[in-house]
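K.L.:
Handing you a structure now.
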Amino acid sequence: MEISYSAPAEQRDEGPDQFPAPVTRFAPSPTGLLHLGHAKSALFAAAKARALGGRFLLRIEDIDTGRSRPEFEQAIRDDLAWLGLTWPEPVLRQSDRFPVYDKFLHLLEEADLTYPCFCTRKDIAAEIAKAPSAPHGPDGPHYPGLCKGIPWEAARERIDAGEPHAIRLHSDRAAALTGPLSFSDAEAGRVEFDPAGIGDIVLARKDVPTSYHLSVCVDDALQFVSLVTRGTDLFEATKVHRVLQSLLGLPQPAYHHHDLVLDEGGRRLAKRTGALSLRALRDQGKTPAELRAMAGFPDWEGA
Ligand code: GLU
């Protein structure tokens with residue numbers, strides 16, 4: 001049976017699919033301790049679910065098995081429970097699901113929307129340095145396409161010989177299939193964009209058989225997440241996710257990108273800029289109610 005994309009783009013992009021009560025999620029990576037920015041994100045997602053009679057999920061995004069640690073996963077659970085949050089068990093852990101992501105990757109491969117990339121970071125940086133004004137996407141400068149023209153037979157030989165490679169999206173072919181896309185954000189409204197602008201993003205990394213973009217789209221769909229809440233730092237990534245949802249026939253959630261928590265210097269909180277962890281604030285004697293107020297949710301308990 002032949003399966004083809006028969007619906008015109010206008011019909012496939014009518015705005016988010018509608019659900020009566022939202023399923024939201026907080027999806028941290030267990031690569032360090034949570035800070036106030038994470039507390040805001042988690043409370044934001046839980047508050048949206050609570051206000052509309054929905055469900056709030058916790059998901060552990062640990063595809064980066066080299067950097068993820070069980071003790072950080074435990075700390076995430078402890079810190080969120082201390083803040084007053086609850087979620088259904090079992091919690092989905094992405095590192096348990098590589099075969100699931102692989103199935104979706106195969107769909108894109110079979111549709112001829114991917115290609116293997118053998119480049120090192122150094123190869124890519126050197127090529128980009130030659131054309132510094134090249135376009136940028138959500139993951140930085142677009143991949144300059146060094147491996148895009150490798151004939152399939154030659155690529156196959158290199159793969160069979162064990163050469164490390166990533167799998168990239170053929171974004172121009174993807175854009176031709178999806179046509180212009182949009183997503184709906186609670187603050188920004190309807191955001192329209194040209195899918196070709198996302199660049200040839202990585203679908204499977206060299207060291208990990210998936211990527212953040214692919215696994216987050218698959219899990220949001222398979223967990224019925226209908227309202228994706230997260231910081232504005234991931235606003236551009238949402239364009240990638242809409243493209244993958246459209247190509248894979250996954251439902252379209254609504255989005256709410258919220259402001260980030262900034263330090264006194266106006267910089268986004270991050271461990272490398274010295275942000276205090278929730279753990280450290282707790283050790284200083286802060287109470288859950290004080291932390292919630294600092295994160296912008298002073299009325300949490302009674303809400
Ligand atoms: N795991 C991502 C992070 O820790 C968040 C994913 C998302 O909310 O889409 O930044």
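K.L.:
Can you confirm whether the range 259-270 contains a residue that is without any contact (Cβ under 8 Å) to a residue 40 or more places away in the chain, open to solvent by 50 Å² or more (accessible area, probe 1.4 Å) and in contact with a Leu (Cβ under 9 Å, 6 or more places away or on another chain)?
P.N.:
Checked the range 259-270: at least one residue is without any contact (Cβ under 8 Å) to a residue 40 or more places away in the chain, open to solvent by 50 Å² or more (accessible area, probe 1.4 Å) and in contact with a Leu (Cβ under 9 Å, 6 or more places away or on another chain).
K.L.:
Quick one: which residue in Leu281, Leu247 is of a type outside the set (Gly, Ala, Ser), out of contact with any Lys or Arg (no Cβ under 7 Å at 6 or more places or on another chain), closer than 30 Å to Ile159 by Cα and part of a helix (DSSP H, G or I)?
P.N.:
Every option except Leu247 fails the conditions.
K.L.:
If a residue must be over 21 Å from Arg173 (Cβ atoms) and among the small types (Gly, Ala, Ser), how many such residues does the range 109-147 contain?
P.N.:
Residues that pass the stated criteria total 6.
K.L.:
Okay, next question. Testing Gly162 on (1) closer than 20 Å to Glu61 by Cα; (2) in a loop (DSSP other than H, G, I, E, B), one condition comes back false. Which one is that?
P.N.:
So Gly162 meets the others, but not (1).
K.L.:
Next question, about the same structure. Which one is surrounded by the fewest Cβ atoms within 10 Å (Cβ to Cβ), of the residues in the range 116-135 that are in contact (Cβ under 8 Å) with a residue 24 or more places away in the chain and touching a His at 6+ places or on another chain (Cβ under 8 Å)?
P.N.:
Narrowing the range 116-135 to residues in contact (Cβ under 8 Å) with a residue 24 or more places away in the chain: 116-119, 135.
After this cut, where a residue has to be touching a His at 6+ places or on another chain (Cβ under 8 Å) as well, the list is 116-118, 135.
Numbers: Pro116: 19, Cys117: 22, Phe118: 16, Pro135: 11.
Result: Pro135.
K.L.:
When the residues of the range 200-229 are narrowed to those that are in a helix (DSSP H, G or I) and either more than 10 Å from the ligand (Cβ to nearest atom) or of a type in the set (Asp, Glu) (or both), which ends up farthest from Asp139 (Cα to Cα)?
P.N.:
Result: Leu222.
K.L.:
Suppose we filter Leu80, Leu52, Leu105 for residues that are without any contact (Cβ under 8 Å) to a residue 60 or more places away in the chain and either touching a Cys at 6+ places or on another chain (Cβ under 6 Å) or crowded, with 16+ Cβ neighbours inside 10 Å (or both); which single one remains?
P.N.:
It is Leu80.
K.L.:
Could you pull out the residue among Gly37, Gly66 that is more than 14 Å from the ligand (Cβ to nearest atom), in contact (Cβ under 8 Å) with a residue 60 or more places away in the chain and either under 30 Å from Asp200 (Cα atoms) or in a helix (DSSP H, G or I) (or both)? Give the steps one after another, and end with the answer.
P.N.:
Values: Gly37 fails: more than 14 Å from the ligand (Cβ to nearest atom).
Checking each option against the conditions leaves just Gly66.
K.L.:
Next question, about the same structure. Of all residues in the range 55-77 being in contact with a helix residue (DSSP H, G or I) (Cβ under 8 Å, 6 or more places away or on another chain) and open to solvent by 60 Å² or more (accessible area, probe 1.4 Å), which is nearest to Tyr212 (Cα to Cα)?
P.N.:
Selected residue: Thr65.
K.L.:
Here is a further query. So in the range 83-102, with the set limited to residues that are assigned to a helix (DSSP H, G or I), in contact (Cβ under 8 Å) with a residue 24 or more places away in the chain and open to solvent by 30 Å² or more (accessible area, probe 1.4 Å), which one is nearest to Ala27 (Cα to Cα)?
P.N.:
Looking at residues that are assigned to a helix (DSSP H, G or I), in contact (Cβ under 8 Å) with a residue 24 or more places away in the chain and open to solvent by 30 Å² or more (accessible area, probe 1.4 Å), I get Ser95.
K.L.:
Among the residues of the range 231-258, how many are of a type in the set (Gly, Ala, Ser), away from the ligand (no atom under 15 Å from the Cβ) and surrounded by 15 or more Cβ atoms within 10 Å (Cβ to Cβ)?
P.N.:
Taking the range 231-258 as the starting set, the residues that turn out to be of a type in the set (Gly, Ala, Ser) are 231, 237, 246, 249, 254.
Right, trim to away from the ligand (no atom under 15 Å from the Cβ) and you get 246, 249.
Subsequent filtering for residues that are surrounded by 15 or more Cβ atoms within 10 Å (Cβ to Cβ) retains 246.
Residues flagged as of a type in the set (Gly, Ala, Ser), away from the ligand (no atom under 15 Å from the Cβ) and surrounded by 15 or more Cβ atoms within 10 Å (Cβ to Cβ) within the range 231-258 amount to 1.
K.L.:
Suppose we keep only residues that are open to solvent by 40 Å² or more (accessible area, probe 1.4 Å) and touching a strand residue (DSSP E or B) at 6+ places or on another chain (Cβ under 6 Å) within the range 191-222. Which one would you say is farthest from Ala47 (Cα to Cα)?
P.N.:
Lys206
K.L.:
Here's a follow-up. From the residues in the range 19-34 that are closer than 19 Å to Pro253 by Cα and away from the ligand (no atom under 12 Å from the Cβ), which one is nearest to the chain's Cα centre (by Cα)?
P.N.:
Looking at the filtered set, the residue picked out is Val23.
K.L.:
May I pose another question? For the structure I just gave you, tell me whether Gly285 is within 30 Å of Asp13 (Cα to Cα), free of Cβ contacts under 8 Å to residues at least 12 places away in the same chain and open to solvent by 40 Å² or more (accessible area, probe 1.4 Å).
P.N.:
So Gly285 fails the test.
The values are calculated or read from the model by the stated rules, or taken from the named source; none is laboratory data. Keep in mind the model is a prediction, meaning the values are calculated, not measured. All Cβ positions, even for glycine, are placed from backbone atoms using ideal geometry, and neighbour counts span all protein chains on display. Just so you know, the surface numbers come from the protein's heavy atoms only, side chains and all, with ligands and any DNA or RNA stripped out. Shrake-Rupley method; radii C 1.70, N 1.55, O 1.52, S 1.80 Å.
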